Amino acid sequence: MAGLCNLTGLGSDSSEEIDSSVSSANNKSLRLAEKEKRKGEADPFRLAVKYLSQVEAGTVVRGNDELERNMVVVETVALSHGLHPEVITMLLDMALSLNAGTANCTRVLKFLIPATSVPQEAIVRGVSWLCVGKMPMNAQVLFVRWVLTVFDLIDCKDNLRSIYGFIFSFVTEENLCPFICHLLYLLTMREHVHPYRVRKLLDMQAKMGRQPFLTQLLALYKVFHPDLVTLSLPSRVRTGFKNHNSTWKVALSAVQRRNKGAVMVDQSLSLGVKEKASSRKRKLHHLEIPPLSSAFDNNSNRKVFGLQELHSVKQLLENIHNIELPAQMGSLLGSALALQYLDCVQDESAFLRLNFWLGHSLQEEFLLCPVDGSSDNTSEACRFLSTILSSQKFLQEGFSSTESFLYKFLSVWDGCLLRPQILDLLSDIPLMPSFYMKKLLFEPLKQLYFTSTVFFKCSAIECLNSMLVKWLTWHSVSTVEGGLDISLNSNSTMTMTLSGFMDSVMELVRFVGMLASEGLRLENCHVLLLNQTLAFYETVCDMFVKYSLPLIIMPPAGVFYPALFATDSISLDRLGYIMYRYRKNLTLAKKQEQQREQTFHISRNTYKEFNRNLQAMVNSLWNSLWCIPGSDIEIDKDLIALSKVSEPLCRFDLIHHPALFSYAIEFNQKCWPERKDVDLGSIKAGKYWNWYMEFLFNQGFDGLNNFIRTNTGHGSSSFSSQDDRQPTSQP
């Protein structure tokens, strides 16, 4: 019994201990909650947001120190760290309702900087306040400009598209029209295009004139419904929407830098302060490709398949008719499957939106902002441009927005910033009429070429060679398909006739010939520049045979003779190959002319120029007569005598040529190893000449071998057929 009492006492003590521990835990939770409450009450920002959320219509604004104090607190936090979505919703509703007055409405809009995203419901409520008509016009314009600025930060846009008609109704307001057209351009889908809207835009155009923003929106409407827009529009509509985010750009840039990695934003929102227009420097920030995200809410009833859900080509093919374009068109550049979809469907509206996004981003980041010298910014820009390049390579054509950007950028480029990427983009420029090519491409590039280093000159020649190869490839494909007119771009209606194409190619080749001639003179025939130039003419010499273009252009004297008298054997061998291919092309052209198989004829001057170069090369290398009367390089005999060079006329033959002299010495030592004196004249005697030619062409000089064999009847094949073999020791 006593034991039972002891057990009962033990149970009572244990129960008291449990109750006390639970009580202490509850007290601790209460203390923590109270502490958090006091902390929240002590937080000035939270108190300010709470106060502003309670501002009602009729609140006294003038002289209201408490309102001003709380506005300053929220404004300071917004400009330094940005605002969360729920705060943006509350402040936007307070401002547009004019509960705090008209002055505070514009003030709030100017510091409404998002930290992460913007709720679409906030924009929808803002449009509803716009429809009320209470706000003054300057506040309405500021609100729409703000929406354009944060458009790519809006979390979803399906509800916003559902009120497309309400937004469209503001097109008739002349002050709002440019900004409303821009917003409509970003929101428009096929189902939004109706005859009455087209008529309204045409009426506005008749009233306001041919404004770029109206033309841009009509062009998009025409893509969706060509039958509704019968108005003739330019094939290349310039960007009709100006940059409207200057009010927020500095604050947005600061917030983006602080929150880097927390939010992925559109490039056009990460801007520095614009300096004077004469500056050649730019500042590059956050040049990142946005991730794929749906333009519609996940709970939407629309049966769509987001590009971000694609993981294989099989999925792409199964859902190709239900795929919805992403909210940010720039995200297409970061996905191979998205580019595959874009290439398959050939949706002109998608290309229009992508070009608009890309053109705006390139202009804002590279043309309007000063560079700060940061290696991080340069690496970001390098990755961004490399992504564009890989996308263009995948699609096998350049973007029109990139082309327009390059024409502007060349006039302010220093030739050093991101040189490989810029020149690679330049090589993707599609064919254009020769008149525009001179003005937009040749003039700025010429200024850079003559004021830059030899390495830039080599890169520029390589870029233009790549451009020519792509142009010729397009022509050869068009020829195979049986078309005479050549489309300049798959998404453009502009075409060019064969004669126009030949004019453009001729201008490009002549331009490179001028650059190369002057560049070789200025750089003292630098071997790298000479080889890049010869690589270009390896393309030019085969235009007729390889690319079916009835055009043959000979290299100028400023290129031919530096290559003929070059000190390196590679340049001489490449010249031999070029002259060999010129002969093949001219022979085929002459044959087709005689059979009347072609409409275009090669000029007689081209044949004369080739024969003149051929004679100079054969006389120099084979006949040991590099300087003869009546030739292009005729030199006075008295002047040659002053050089005191023995046997001067044979100094550029296959034995004494500076590029081949070392091979002649090596051959001489193999033939006569016991001789102490070198007598190169012995090589020309009898069988030694055949041995030397075989020895020389076995060194890999296929270009020279083909040239000598074609133009003299001698070559490695004829030498090898003889009984004499190349010696390895004294014969």
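The values are calculated or read from the model by the stated rules, or taken from the named source; none is laboratory data. Predicted, not measured: the structure shown is a model, and the values here were computed from it. Note that we place each Cβ from the backbone using ideal geometry, even for glycine, and neighbour counts take in every protein chain shown. These accessible areas exclude ligands, DNA and RNA; they are computed on the full protein's heavy atoms, side chains included. Shrake-Rupley method; radii C 1.70, N 1.55, O 1.52, S 1.80 Å.
Data for the structure
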{"quantity": "So residue 125, is it touching a residue at least 40 places away in the same chain (Cβ under 8 Å) and outside any strand (DSSP E or B)", "calculated": "no"}
{"quantity": "Close pairs (7 angstrom Cβ cut-off, 6 or more residues apart or separate chains): open to solvent by less than 30 Å² (accessible area, probe 1.4 Å) in the stretch 582-598, assigned to a helix (DSSP H, G or I) and modelled with pLDDT of 90 or more anywhere", "calculated": "582/610; 585/544; 585/545; 586/607; 586/610; 589/544"}
{"quantity": "Any hit, the stretch 156-174, residues being open to solvent by less than 20 Å² (accessible area, probe 1.4 Å) and touching a strand residue (DSSP E or B) at 6+ places or on another chain (Cβ under 8 Å)", "calculated": "yes"}
{"quantity": "Verdict on residue 309 being open to solvent by less than 30 Å² (accessible area, probe 1.4 Å), of a type in the set (D, E, K, R) and out of contact with any Gly (no Cβ under 6 Å at 6 or more places or on another chain)", "calculated": "no"}
{"quantity": "Residue 228 vs. criteria at negative phi and modelled with pLDDT of 85 or more", "calculated": "no"}
{"quantity": "Any hit, the stretch 68-88, residues being assigned to a loop (DSSP other than H, G, I, E, B), farther than 30 Å from residue 181 by Cβ and open to solvent by 10 Å² or more (accessible area, probe 1.4 Å)", "calculated": "yes"}
{"quantity": "Among residues of the stretch 110-124, those that are of a type outside the set (D, E, K, R) and farther than 13 Å from residue 152 by Cβ, counted", "calculated": "7"}
{"quantity": "Hits in the stretch 339-366 (condition: out of contact with any strand residue (DSSP E or B) (no Cβ under 7 Å at 6 or more places or on another chain) and either more than 25 Å from residue 410 (Cβ to Cβ) or modelled with pLDDT under 75 (or both))", "calculated": "339, 340, 342, 343, 344, 345, 346, 347, 348, 349, 350, 353"}
{"quantity": "Members of the stretch 399-433 found to be of a type in the set (Ser, Thr, Tyr) and either surrounded by fewer than 20 Cβ atoms within 10 Å (Cβ to Cβ) or at pLDDT 90 or above (or both), listed by number", "calculated": "402, 404, 407, 411, 427"}
{"quantity": "Tally of residues being basic (Lys, Arg) and either under 35 Å from the mean Cα position of the chain (by Cα) or modelled with pLDDT of 90 or more (or both) across the stretch 107-142", "calculated": "2"}
{"quantity": "Cβ pairs under 7 Å, 6+ apart, first in the stretch 689-710 and open to solvent by 30 Å² or more (accessible area, probe 1.4 Å), second part of a helix (DSSP H, G or I) and among the basic types (Lys, Arg)", "calculated": "710/583"}
